[in-house]
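Asker: The following block contains the structure, expressed as C-alpha coordinates.
The values are calculated or read from the model by the stated rules, or taken from the named source; none is laboratory data. Quick caveat: nothing in here was measured; it's all calculated off a predicted structure. We place every Cβ from the backbone using ideal geometry, glycine too, and count neighbours over all the protein chains shown.
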Amino acid sequence: MSLRVLTGIAGIIFLALGLAGLANPRWVMDFVGYSSATATPMVLGEVRGVYGGLFAVMGLFTLIAAANPAANRGALLLIGMLWFGVCAGRLAGAYLDGSPGLPGYIAASCEFTFGLALTAAALTHRAKIERKRTEPTFPLAAGPTEF
(Lines give C-alpha, C1' and ligand atoms only; values in the text may rest on other atoms or scores of the structure.)
Protein backbone atom coordinates (compact mmCIF):
# COMPACT_ATOMS: atom_id res chain seq x y z
CA MET A 1 0.00 0.00 0.00
CA SER A 2 1.44 3.37 -0.98
CA LEU A 3 2.03 6.12 1.56
CA ARG A 4 -0.40 8.32 -0.35
CA VAL A 5 -3.20 5.77 0.12
CA LEU A 6 -2.25 5.23 3.77
CA THR A 7 -2.28 9.00 4.29
CA GLY A 8 -5.73 9.22 2.74
CA ILE A 9 -7.04 6.41 4.94
CA ALA A 10 -5.59 8.10 8.03
CA GLY A 11 -7.25 11.36 6.98
CA ILE A 12 -10.61 9.64 6.65
CA ILE A 13 -10.22 8.05 10.10
CA PHE A 14 -9.24 11.36 11.73
CA LEU A 15 -12.07 13.21 10.03
CA ALA A 16 -14.64 10.56 11.01
CA LEU A 17 -13.48 10.61 14.65
CA GLY A 18 -13.57 14.40 14.62
CA LEU A 19 -17.09 14.56 13.23
CA ALA A 20 -18.20 11.96 15.78
CA GLY A 21 -16.65 14.07 18.54
CA LEU A 22 -18.48 17.15 17.35
CA ALA A 23 -21.82 15.38 16.91
CA ASN A 24 -21.81 13.13 19.97
CA PRO A 25 -19.21 13.95 22.61
CA ARG A 26 -20.78 11.54 25.12
CA TRP A 27 -20.10 8.62 22.76
CA VAL A 28 -16.46 9.72 22.45
CA MET A 29 -16.17 9.99 26.24
CA ASP A 30 -17.49 6.45 26.65
CA PHE A 31 -15.22 5.25 23.84
CA VAL A 32 -12.06 6.61 25.45
CA GLY A 33 -13.02 5.54 28.97
CA TYR A 34 -14.44 8.69 30.56
CA SER A 35 -17.75 8.60 32.35
CA SER A 36 -20.25 10.61 30.34
CA ALA A 37 -22.95 10.33 33.01
CA THR A 38 -21.82 13.45 34.87
CA ALA A 39 -20.54 15.48 31.90
CA THR A 40 -20.99 19.20 32.39
CA PRO A 41 -21.27 21.71 29.54
CA MET A 42 -17.62 22.60 30.22
CA VAL A 43 -16.52 18.97 29.82
CA LEU A 44 -18.67 18.44 26.73
CA GLY A 45 -17.21 21.59 25.20
CA GLU A 46 -13.69 20.35 25.92
CA VAL A 47 -14.44 17.00 24.27
CA ARG A 48 -16.05 18.69 21.27
CA GLY A 49 -13.05 21.01 20.96
CA VAL A 50 -10.27 18.43 21.19
CA TYR A 51 -11.81 15.17 20.00
CA GLY A 52 -14.17 16.96 17.64
CA GLY A 53 -12.74 20.15 16.20
CA LEU A 54 -9.05 19.29 16.42
CA PHE A 55 -9.46 15.81 14.96
CA ALA A 56 -11.79 17.04 12.20
CA VAL A 57 -9.32 19.73 11.07
CA MET A 58 -6.38 17.29 11.29
CA GLY A 59 -8.37 14.83 9.18
CA LEU A 60 -9.31 17.45 6.62
CA PHE A 61 -5.73 18.69 6.24
CA THR A 62 -4.45 15.10 6.07
CA LEU A 63 -6.91 14.32 3.27
CA ILE A 64 -5.93 17.45 1.37
CA ALA A 65 -2.24 16.62 1.81
CA ALA A 66 -2.76 13.04 0.62
CA ALA A 67 -3.68 14.31 -2.83
CA ASN A 68 -0.22 15.84 -3.28
CA PRO A 69 2.15 14.90 -0.44
CA ALA A 70 5.15 16.63 -2.02
CA ALA A 71 3.37 19.99 -2.10
CA ASN A 72 2.03 19.55 1.45
CA ARG A 73 5.12 18.24 3.20
CA GLY A 74 4.93 20.80 5.97
CA ALA A 75 1.33 19.96 6.87
CA LEU A 76 2.03 16.22 6.85
CA LEU A 77 5.14 16.64 8.95
CA LEU A 78 3.29 18.80 11.49
CA ILE A 79 0.39 16.36 11.79
CA GLY A 80 2.79 13.41 12.06
CA MET A 81 4.68 15.18 14.86
CA LEU A 82 1.38 15.90 16.63
CA TRP A 83 0.62 12.18 16.62
CA PHE A 84 4.09 11.42 17.97
CA GLY A 85 3.36 13.95 20.72
CA VAL A 86 0.08 12.25 21.61
CA CYS A 87 1.87 8.89 21.73
CA ALA A 88 4.68 10.30 23.88
CA GLY A 89 2.17 11.84 26.28
CA ARG A 90 0.31 8.55 26.58
CA LEU A 91 3.54 6.62 27.23
CA ALA A 92 4.68 9.22 29.77
CA GLY A 93 1.36 8.70 31.53
CA ALA A 94 1.92 4.95 31.53
CA TYR A 95 5.32 5.48 33.13
CA LEU A 96 4.23 8.08 35.68
CA ASP A 97 0.69 6.89 36.47
CA GLY A 98 0.79 3.16 35.83
CA SER A 99 -0.18 0.83 33.05
CA PRO A 100 -3.21 1.91 31.00
CA GLY A 101 -3.80 -1.72 30.08
CA LEU A 102 -4.06 -3.24 26.64
CA PRO A 103 -6.45 -0.58 25.24
CA GLY A 104 -4.00 2.18 26.20
CA TYR A 105 -1.07 0.42 24.57
CA ILE A 106 -3.10 -0.31 21.44
CA ALA A 107 -3.98 3.39 21.27
CA ALA A 108 -0.30 4.32 21.69
CA SER A 109 0.70 1.95 18.90
CA CYS A 110 -1.96 3.43 16.59
CA GLU A 111 -0.78 6.96 17.40
CA PHE A 112 2.83 5.97 16.75
CA THR A 113 1.83 4.33 13.46
CA PHE A 114 -0.09 7.43 12.34
CA GLY A 115 2.88 9.63 13.24
CA LEU A 116 5.31 7.36 11.43
CA ALA A 117 3.17 7.07 8.30
CA LEU A 118 2.55 10.79 8.00
CA THR A 119 6.16 11.69 8.73
CA ALA A 120 7.35 9.13 6.18
CA ALA A 121 4.90 10.48 3.61
CA ALA A 122 6.20 13.99 4.25
CA LEU A 123 9.86 13.06 4.01
CA THR A 124 9.80 10.57 1.13
CA HIS A 125 7.66 12.38 -1.44
CA ARG A 126 9.84 14.67 -3.47
CA ALA A 127 8.54 17.40 -5.70
CA LYS A 128 8.93 16.62 -9.36
CA ILE A 129 11.53 18.87 -10.87
CA GLU A 130 10.45 20.32 -14.14
CA ARG A 131 13.16 20.78 -16.69
CA LYS A 132 13.41 24.23 -18.07
CA ARG A 133 12.15 24.19 -21.58
CA THR A 134 14.04 26.30 -24.03
CA GLU A 135 12.41 27.51 -27.16
CA PRO A 136 14.33 26.94 -30.35
CA THR A 137 15.82 30.11 -31.71
CA PHE A 138 15.72 31.07 -35.32
CA PRO A 139 18.39 33.60 -36.29
CA LEU A 140 16.26 35.44 -38.81
CA ALA A 141 13.31 35.73 -36.45
CA ALA A 142 15.40 37.42 -33.77
CA GLY A 143 16.30 40.42 -35.91
CA PRO A 144 18.67 41.42 -38.64
CA THR A 145 21.81 39.37 -38.89
CA GLU A 146 24.98 39.80 -40.83
CA PHE A 147 25.95 37.16 -43.35
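Asker: Taking the stretch 69-116, which residues are over 20 Å from Val32 (Cβ atoms), of a type in the set (Gly, Ala, Ser) and assigned to a helix (DSSP H, G or I)?
Answerer: Within the stretch 69-116, Gly74, Ala75, Gly80 meet the criteria.
Asker: Find the helices (runs of 4 or more DSSP H) located wholly in the stretch 1-62 whose residues include 3 or more that are within 19 Å of Leu118 (Cβ to Cβ) and touching a helix residue (DSSP H, G or I) at 6+ places or on another chain (Cβ under 8 Å), and list them.
Answerer: Working: elements: 3-23, 25-32, 41-47.
Once the helices (runs of 4 or more DSSP H) in the stretch 1-62 are filtered for at least 3 residues that are within 19 Å of Leu118 (Cβ to Cβ) and touching a helix residue (DSSP H, G or I) at 6+ places or on another chain (Cβ under 8 Å), what remains is 3-23.
Asker: Moving on to the next point. Report yes if some residue within the stretch 24-45 is in contact with a Gly (Cβ under 8 Å, 6 or more places away or on another chain), under 18 Å from Ala122 (Cα atoms) and at pLDDT below 95; otherwise report no.
Answerer: Scanning the stretch 24-45, I find no residue that is in contact with a Gly (Cβ under 8 Å, 6 or more places away or on another chain), under 18 Å from Ala122 (Cα atoms) and at pLDDT below 95, so the answer is no.
Asker: Here are Ala65, Ala142, Ala56: which of them is hydrophobic (A, V, I, L, M, F, W, C) and modelled with pLDDT under 90? Full working, then the answer.
Answerer: Values: Ala65 fails: modelled with pLDDT under 90; Ala56 fails: modelled with pLDDT under 90.
Within the list Ala65, Ala142, Ala56, the selection yields Ala142.
Asker: From the list Leu60, Leu118, Leu102, which one is on the phi < 0 side of the Ramachandran plot and without any contact (Cβ under 8 Å) to a residue 12 or more places away in the chain?
Answerer: Working: Leu60 fails: without any contact (Cβ under 8 Å) to a residue 12 or more places away in the chain; Leu118 fails: without any contact (Cβ under 8 Å) to a residue 12 or more places away in the chain.
Within the list Leu60, Leu118, Leu102, the selection yields Leu102.
Asker: Additional query: Consider only pairs whose beta carbons are under 7 Å apart and that are at least six residues apart or on different chains; among these, list those whose first residue lies in the stretch 69-96 and is more than 18 Å from Val57 (Cα to Cα) and whose second residue is of a type in the set (Lys, Arg).
Answerer: Ala70/Arg126
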